[in-house]
Amino acid sequence: MNRERDGSHVLNFSSKFWKTFLILLVAVLAFAGPTYFVLFLWRGLDLSYAFSMVLGFLMFTIGLILLSLLIKKKVFS
């Protein structure tokens, strides 16, 4: 069965659960990741500041990419 041909996807973006989950994931990656996650890695786990900042920047970037994909798929409407 070819899922792409019949138009169904593995993730059903019309489901309220997936919409809510993906929006919360974007919020965590884009906002909480670069702030609280960096602070937790740097102060809590005593990792280097530069490594913590790189991971925070990566989380922020992944969050923005996911946000742009959700906007492109019109999940927010």
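The values are calculated or read from the model by the stated rules, or taken from the named source; none is laboratory data. Please read these numbers as outputs of a predicted model, since none were measured by experiment. Don't worry about glycine lacking a Cβ; one is built from the backbone with ideal geometry, like all the others, and counts go over all protein chains shown.
Structure summary
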read-out	value
Leading residue by the ranking (surrounded by the most Cβ atoms within 10 Å (Cβ to Cβ)) among those in the stretch 28-38 that are free of Cβ contacts under 8 Å to residues at least 24 places away in the same chain and touching a helix residue (DSSP H, G or I) at 6+ places or on another chain (Cβ under 8 Å)	38
Wholly within the chain, helices (runs of 4 or more DSSP H) carrying at least 1 residues that are under 14 Å from the mean Cα position of the chain (by Cα) and either among the hydrophobic types (A, V, I, L, M, F, W, C) or modelled with pLDDT of 90 or more (or both)	16-27, 49-72
Close pairs from the stretch 57-77: first over 19 Å from residue 42 (Cβ atoms), partner among the charged types (D, E, K, R) and assigned to a helix (DSSP H, G or I), Cβ under 7 Å, at least 6 apart	75/19
